[in-house]
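One structure below.
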Amino acid sequence: MNSENTRDFKKKTRKEMRQILADFHASRSEKEKHSLTENLCQKITALPEYQNASTIFAYIPDTLEADCTPVILHALEEGKKLAVPKVDSESLKTGENRMDFYFLEKDTPLEDQLEVGTYGIHEPKTGLRKWGVAGQKESDVSPAEGVAKDREAGWSEGETSPFVLVPGVAFTKDGKRLGHGKGFYDIFIEKLHESGISPFLCGVALPCQIRADLPTDAHDVLMDAVIF
């Protein structure tokens, strides 16, 4: 399949999956969805890669994505460093589609640390600490890549690999992922690798999001595990 056909197939699959997800949510009671979320998050927190990680990158779900909120609360309770993404609105003007991760605080209610962001999804408030690579001098860090001034860096040489919860539109059991098409996670994961960081990538899916196969491009990153 050439790149143009792959792009068209991805677009078609995204449209199909969004309808499948909408139907899935509409046909499930709140009790059923809560039970599914708890089961999903128990599987994630049981992974040794999660248990051994000191830094967790999570996400705040939109209305269709698998809800990983219990993992966020569990990680904070366990004393792990937990960061969630915020879209850099300035980068959108240049077409970069970049997001930064900000640490949440254990002793502050989750809802008090979030605000509605660029795409109508809840994001961390700006006053929280931004994640970055420790050891970089401020002069070496561009606004598009690094740690905000006077902010604590979130990873340093010798730390265990960060554990990254990755949302998506669809996944395969062997790690292929179809994202929303804007490339935020592909760019973020590439920057991790460029910084010498090897994250453990955990795709998070509802059962209806698992496909037998998905089209991929050279830049698409495989998940190390897919939990559903």
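The values are calculated or read from the model by the stated rules, or taken from the named source; none is laboratory data. None of these values were measured; they are calculated from a predicted model. Glycine also receives a Cβ, built like all others from the backbone with ideal geometry; neighbour counts cover every protein chain displayed. Just the protein is used for accessible areas: all its heavy atoms, side chains included, with ligands, DNA and RNA removed. Shrake-Rupley method; radii C 1.70, N 1.55, O 1.52, S 1.80 Å.
Things worth noting here:
- Pair list, Cβ < 9 Å and 6+ apart or interchain, from the stretch 55-75 residues that are over 26 Å from residue 17 (Cα atoms) and touching a residue at least 40 places away in the same chain (Cβ under 8 Å) to residues that are polar (S, T, N, Q) and open to solvent by 10 Å² or more (accessible area, probe 1.4 Å): 55/160; 55/161
- Filtered by the rule that a residue be buried (at least 16 other Cβ atoms within 10 Å of the Cβ) and modelled with pLDDT under 95, the stretch 190-223 gives 192, 197, 214, 215, 216, 220, 221.
- The stretch 12-40 - residue that is under 23 Å from the mean Cα position of the chain (by Cα) and among the small types (Gly, Ala, Ser) and, of those, farthest from residue 215 (Cα to Cα): 35
- Residue in the stretch 29-41 that is most open to solvent (accessible area, probe 1.4 Å), counting only those that are more than 15 Å from residue 205 (Cβ to Cβ) and free of Cβ contacts under 8 Å to residues at least 12 places away in the same chain: 31
- Check on residue 52, in contact (Cβ under 8 Å) with a residue 60 or more places away in the chain, exposed (fewer than 14 other Cβ atoms within 10 Å of the Cβ) and farther than 25 Å from residue 216 by Cα: yes
- Each residue in the stretch 55-64 was checked for being open to solvent by 20 Å² or more (accessible area, probe 1.4 Å) and either aromatic (Phe, Trp, Tyr) or within 12 Å of the chain's Cα centre (by Cα) (or both), and 3 pass.
- Selection of the stretch 175-203 for residues being touching a residue at least 40 places away in the same chain (Cβ under 8 Å) and closer than 21 Å to residue 48 by Cα yields 175, 197, 199, 200, 202.
- Taking the listed residues 153, 170, the one that is among the hydrophobic types (A, V, I, L, M, F, W, C), open to solvent by less than 70 Å² (accessible area, probe 1.4 Å) and at pLDDT below 90 is 153, with no other qualifying.
- With respect to (1) touching a strand residue (DSSP E or B) at 6+ places or on another chain (Cβ under 8 Å); (2) modelled with pLDDT under 95, the lone exception for residue 90 is condition (1).
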